[in-house]
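Only one structure is covered here, and it is reproduced in the block below.
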Amino acid sequence: DMSGNVFEWVNDYYGGTYAVPQGTDPTGPAIDSQKRRVLLGGDYLSDSKYCLLSYRSYAKQATAGSNYCFRLAL
């Protein structure tokens, strides 16, 4: 469980806010000219209200930091 420890990189491009039913994971646009990727949850520096997987933010895909991570799944 990474919630609250590090932001989780996901493969989706960031597309701003969404009006979708709760429980639906929006994928964003097919491409983003600014190359912004979605980050889920919060990190150890975030307020607790941002440490939920439903909190979506973004960073450029070339960004690196000790508070960004991704989940390996098989």
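The residue that is modelled with the lowest pLDDT, among those in region 13-32 that are out of contact with any Leu (no Cβ under 9 Å at 6 or more places or on another chain) and under 13 Å from Ala59 (Cα atoms), is Gly16.
Within region 26-61, can you find the residues that are assigned to a loop (DSSP other than H, G, I, E, B), farther than 15 Å from Val6 by Cα and open to solvent by less than 100 Å² (accessible area, probe 1.4 Å)? Can you show your working first?
Kept after step one, since they are assigned to a loop (DSSP other than H, G, I, E, B), are these residues of region 26-61: 26-35, 41-47, 51-55, 61.
Still in the running and farther than 15 Å from Val6 by Cα: 26-35, 61.
Of everything in region 26-61, those that are assigned to a loop (DSSP other than H, G, I, E, B), farther than 15 Å from Val6 by Cα and open to solvent by less than 100 Å² (accessible area, probe 1.4 Å) turn out to be Pro26, Thr27, Gly28, Pro29, Ala30, Asp32, Gln34, Gln61.
The values are calculated or read from the model by the stated rules, or taken from the named source; none is laboratory data. Computed from a predicted model, the values in this text were never measured in an experiment. All Cβ positions, even for glycine, are placed from backbone atoms using ideal geometry, and neighbour counts span all protein chains on display. With ligands, DNA and RNA removed, areas are computed over all heavy atoms of the protein, side chains included. Shrake-Rupley method; radii C 1.70, N 1.55, O 1.52, S 1.80 Å.
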